[in-house]
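Working notes, structure below.
Every number here is computed from the coordinates shown, using simple stated rules; none is lab data. Bear in mind that the values here come from a model prediction, so they are computed numbers and not experimental data. Virtual Cβ from ideal backbone geometry, glycine too; neighbours counted across all protein chains shown.
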Amino acid sequence: MIRNGQRFCASRLMLTAAIGLAFGLPTTLPAGAQEMADPAPQTPMAGPSSVADLAEGLLDSVVNISTSQQVDQSNNTPMPQIPEGSPFQDFFDEFFGEEGGPTPPVPRSRRVNSLGSGFVISEDGLIVTNNHVIEQADEVEVNFADGSSLTAEIVGTDPKTDLALLQVDPAEPLDHVEFGDSETMRIGDWVMAIGNPFGLGGSVSIGIVSARGRNINAGPYDDFIQTDAAINRGNSGGPLFNMRGEVIGINTAIISPTGGSIGIGFSVPSELAINVIDQLREFGETRRGWLGVRIQPVTDEIAESLDMQRARGALVAGVINGGPVDDGTIEPGDVILEFDGTPIDDMRDLPRIVAESPVGDEVDVLILRNGEETTVKVTLGRLEDGEDLAEATTSDDGGEAGEAPEDSAVELLGLSLDELTEDRRTEFSIGEDVEGVLIAEVDPESEAADKEIAAGEVIVEIAQESVSTPDEAQARIDALREEGRRNALLMIANASGELRFVTLRMD
């Protein structure tokens, strides 16, 4: 690097050399001056000069997916108004009915076609694509780069990750590609997409990894690779390659106001896809691990109220009745910090890590409970078997309601609290299994209102201690203030018993 003083010195030396040339003087510069005056050129960083060889070796393994679906229709369209005596009167009477009204619906159907992409992962004809490419299709046809085509059978699908596995029966072994390690990809690494944009097969585009771990609210396990390689409609299900020709992503979605690429595309990372594809291959369905808890993020406020040094982990907001931890192993209010040795830095990490764990495995779970870290052992259930249970009411450890004075109302943190009597249960349609302190009113100008706390909800715990009367709630808040706490963590149940956690400032 040439600093300001050096640059000035070099300029004077160059001026001296110019004067010497003008007057026939020697042009030799002092020792070391040549290096400053004529620095070695820097070679700029550049992308690959060509990906032709790489693309040539991969094109035969990328396929076009065409699907067709029979859609039923009926002719229940009302008769249009036409001038009396029109030459088309007979035609419309026949089609719509003699009285001018619609005829009874006649079943009709039309065939709807769609296009997508995919890639071959085995020489015997296993092909990966997106679930939305083949969803509800009556027929699936795979078109190869050499112009041949084969009818495919659907081995299995997974809507949660938008992946599907197909099988064709080739006469000869097929060219196929291997999965790479998406975890080694860094932001700025070069990637290449091959697919079938707008029906134009065998299209190659190149770009970089723009971001990792993107959550676009497409499913419960969002962990997308973002790329600026051109991805358009029809690229869905196609591969995203690294520069070694390994599949590190499956192109799934784009952000585009026009339908065309604006340089924001998303791919399912191979780390997530491999496990799903292996399960579809072996079982024809997914078999995900299941912990049986409802969770919510640990915010900075919640972390402060729990005396945590920083916000991390997943806060257990409820336990599914009949689930793997319904025996008290994990309780509402626990913070899951590690699962099977893997730290949980963000709430979104937990569902994905649990889902990738084998059903029936016994794993260690590190939790924070009442300010202390402890490890519990949990035997995982199967998510697919437990999804119906997830709609059931949440179990909790709310205390039993005690007797209260005749005038039990307490104004606290913008909330008007009252005892949960049978009349109050009926008034707010609160379930019999919900116990705690009733929130009778909420100050519309309070922080509680901003955080969508509503009348008819019930405070079950304050700072991980059960409360059953308004006076107990007041005493708990007073104790927290004496401890120097600035906010309170409330466990709140709705009328059906579903739990959530909310922090409220106490100053």
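Mind ordering 477-485, 199-207, 155-163 by average Cβ neighbours within 10 Å, highest first? Each step should come with its number before you reach the end.
Details: 477-485: 13.1, 199-207: 17.2, 155-163: 20.6.
Descending packing order for the listed peptides: 155-163, 199-207, 477-485.
I453 sits among other residues whose Cβ lies under 12 Å from its own Cβ, and their net charge, with Lys and Arg +1 and Asp and Glu -1, is -4. Between S149 and A495, the modelled label-to-label distance comes to 5.5 nm, taking each label 7 Å out from Cα in the direction of the beta carbon. Close amide H partners of I295, meaning residues 5 or more places away or on another chain with modelled amide H under 5 Å apart, are A317. Net charge of the neighbourhood of E178, taken over other residues with C-beta under 13 Å away and scored Lys/Arg +1, Asp/Glu -1, is -3. The gain in end-to-end length when the S122 to Q309 segment is fully stretched comes to 62.4 nm, 0.36 nm per residue minus the alpha carbon separation.
Computed over the alpha-carbon atoms, the range 236-330 gives an Rg to Rh ratio of 1.13, Rh here being the Kirkwood radius from the mean inverse distance.
Highest average first, the peptides 337-350, 123-136 ordered by how many other beta carbon atoms sit within 10 Å of their residues are 123-136, 337-350. Quick one: if the Förster radius is 30 Å, what FRET efficiency do E172 and D361 give, using the C-beta to C-beta distance and rounding to 0.05? Efficiency, rounded to the nearest 0.05: 0.15.
Each Lys or Arg adds one and each Asp or Glu takes one away; over the other residues whose Cβ falls under 11 Å from the Cβ of L59, this sums to -4. With 0.36 nm allotted per residue and the present C-alpha distance subtracted, the E139-R424 stretch has 96.9 nm of extension available. Computed over the range 232-331, relative contact order equals 17 percent, with contacts defined as Cα pairs under 8 Å that lie 6+ residues apart. Relative contact order for the range 110-199 using alpha-carbon pairs under 8 Å, separation at least 6, rounded to a whole percent? Rounded, it is 34 percent for the range 110-199. Can you work out the FRET efficiency for the pair D433 and A455, with r the C-beta to C-beta distance and R0 = 35 Å, to the nearest 0.05? E between D433 and A455, to the nearest 0.05, is 0.95.
Quote to one decimal, in nm, the extra length available between S49 and T379 on full extension: 0.36 nm per residue of separation minus the C-alpha distance between them.
113.6 nm
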